[in-house]
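This report refers to the structure that appears directly beneath it.
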Amino acid sequence: MSEETKLPEENLNNSEQEVRWYVIHTYSGYENKVKANIEKIIENRSMQDQIFEVSVPVQDVEEIKPNGQKKIVQRKVFPGYVLLKMYMNDDTWYVVRNTRGVTSFVGPGSKPVPLSDEEVKSMGIEDYVTKCNFELGDAVTVSNGPFENSVGTIKEINHNKKTLVVTLSIFGRETPVELDFNQVSAIN
C-alpha cells in the first residue's frame, strides 16, 4: 500500500491513539450548548467508548452587586472553549468538528493537538472534572441527598452525565436511583 492510500488511522502513532485531552473553540456563550450537543451525539451514536468526558470547567466567584450585596456566581474558567477527553480518530474528529457551535479544534491548521500532561496538571483540568472510581457491582453508601446513609449496589455508570444508577432498598423494594458521582462513597 502506498503512502497516499494509507488510511489516516494507519498514519497515527501510538501516542495519538491514547485517550488525551483536546480543546475545541466555540462561539462565545455557546459552551454549554456545544457540550449538550456533543453529549447527545455520543449517546445517539454509542460513542461512549471513544469520547469519555465533555467539560466546561466553572468556578465560583463572589460578585458584589451595585447595592453592596454579595452573590456567588459561576464563571467559566476558559470562556469560548470546551474540553474533551477522547481518542482522536476520523470518527471522533468528524463528529466533534461538525457539531453546531464548534468553530475548530485548538492546534495548527486542521490538526488537533492534545494537551500535554503538564498542561492538564497546571490548568487543573483533572480537578474540575469529576472522576468515577467505581465499577459495576460495587457496594456504595449514599453520602448526601434524600437517601443519605442508604446502602446500595451500582447497576449503571454514565460517564458523560457523571451519574450512577444505584439499586437501593426503599420500603422493602429494590429501587434504582440515579445519583451523581459525588453523592456516593465506596464501602471498604
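Quick look at the numbers
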{"quantity": "Those strands (runs of 3 or more DSSP E) lying entirely in the stretch 78-188 with at least 3 residues outside the structural domain of ILE51 (by TED's automatic domain parsing) and among the hydroxyl-bearing types (Ser, Thr, Tyr)", "calculated": "163-170"}
{"quantity": "Residue within the stretch 43-61 that is in the same structural domain as GLY107 (by TED's automatic domain parsing), at pLDDT 85 or above and either touching a Pro at 6+ places or on another chain (Cβ under 9 Å) or farther than 27 Å from THR103 by Cβ (or both) present", "calculated": "no"}
{"quantity": "Residue within the stretch 93-109 that is over 17 Å from the mean Cα position of the chain (by Cα), modelled with pLDDT under 80 and not polar (S, T, N, Q) present", "calculated": "yes"}
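The values are calculated or read from the model by the stated rules, or taken from the named source; none is laboratory data. It should be emphasised that the depicted structure is a prediction, and the values quoted were computed from it without experimental measurement. Cβ: placed from backbone, ideal geometry, glycine included. Neighbour counts: every protein chain shown.
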